[in-house]
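Beneath this line is the structure, given in structure tokens, with notes to follow.
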Amino acid sequence: MPAIVLALLLAGCANTSEDPPSPSTGDQPDTVDADGEQDPRGDGTDEPEEPTDPPGPLDGFTVVIDPGHNGANHTAPDVINEQIDAGGLMKNCDTVGASTDDGYAEHEFNFDLATELRDLLEADGAEVVLTREDNDGVGPCLPDRAGAANDIDADAAISLHADGGPPSGRGFHIIAPAEVSGHTEDIVEPSRDLGESVRDSYAEAADMAISDYISTEDGIHVRDDLGGLNLSTVPKVFLEAGNMRNAEDAALLSDPDWREDAAAGVAEGIAAFLE
Ligand code: ZN
């Protein structure tokens, strides 16, 4: 009797199987080949393979680049002088920015460096958003510059600037957020990490020294008066890439080849922070 019951159970199992044996089932796997790619069956049911870019080291990361100021800000004082809540203090919506003595405007430098940086980060797989797509407009105001990164919960954000310092002063510095109650508590620490990473790679790639006219902690100037930092909810720093009013710095900032190196340094620093 037990033998008959077992035979019936086995027969039952076989008969109730909902999956008939696949005609192609054998000892060889039929779905993945040695390259890990789908193995066409030749029966016309497979989707054609779509070419895909190889994964980059920054795949899955989102970075917002904020090129400071804008090309037409000087034409719209009513807009850019509007007073905005900058996170604990009132500030202008935006400002005109600096310039070299030869007339290379900071807004143009910032945009040039930003597009170089965007291309490099995108080539490594990052998704990149700029706070302005050209250099002909007005603004955006501080809250929108910060909001561009906040809205998509970016992994990192950087605001690109060049300083209008004393003509005798040289060098670059990073600006990182101070702790501003109710605003920056969560980003102070990661922003400092981001700042130190960008500082190190930028100094080397741009071959530029830390500012000799701004008092910093190893190149990091901690400030509580910048809306672009106070209003950020993601790790963010400013780069003051050099002093536009200094002849030697201005010559570098105006040189497209130098800007390529400088952008590579910023990209490397952001990547090191993210990875
Ligand atoms: Zn600026």
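Remarks
- Residue-wise HN-Hα couplings along the range 97-102, as the Karplus relation 6.51 cos²θ - 1.76 cosθ + 1.60 with θ = phi - 60° gives them from phi, are x, 9, 7, 6, 4, 8 Hz; Gly and Pro carry x.
- Stretch gain in nm, segment His74-Asp101, where the contour uses 0.36 nm per residue and the Cα spacing is subtracted: 8.0 nm
- In this structure, the amide hydrogen of Ser99, modeled 1.01 Å from its nitrogen in the peptide plane, lies closer than 5 angstrom to those of Glu106, counting only residues at least 5 positions away or on a different chain.
- Amide hydrogen neighbours beyond the local backbone of Val128, cut-off 5 Å, H modeled: Val63
- Chain lengthening between Asp119 and Asp193 when straightened (0.36 nm per residue, less Cα-Cα): 24.3 nm
- Inter-label distance, Asp218 to Glu133: 4.1 nm, where each label sits 7 Å from its Cα along the C-beta direction.
- Among 266-272, 54-60, 76-82, the order from most to least packed when residues are scored by Cβ within 10 Å on average: 266-272, 76-82, 54-60
- In this structure the amide hydrogen of Ala156, modeled in the peptide plane, comes within under 5 Å of the amide hydrogens of Thr62, Val64, none closer than 5 places in sequence on its chain.
All of the numbers you see were taken from the coordinates with simple rules; none came from a lab. Since the model is a prediction, treat every value here as computed from it, not as a measurement. Glycine also receives a Cβ, built like all others from the backbone with ideal geometry; neighbour counts cover every protein chain displayed.
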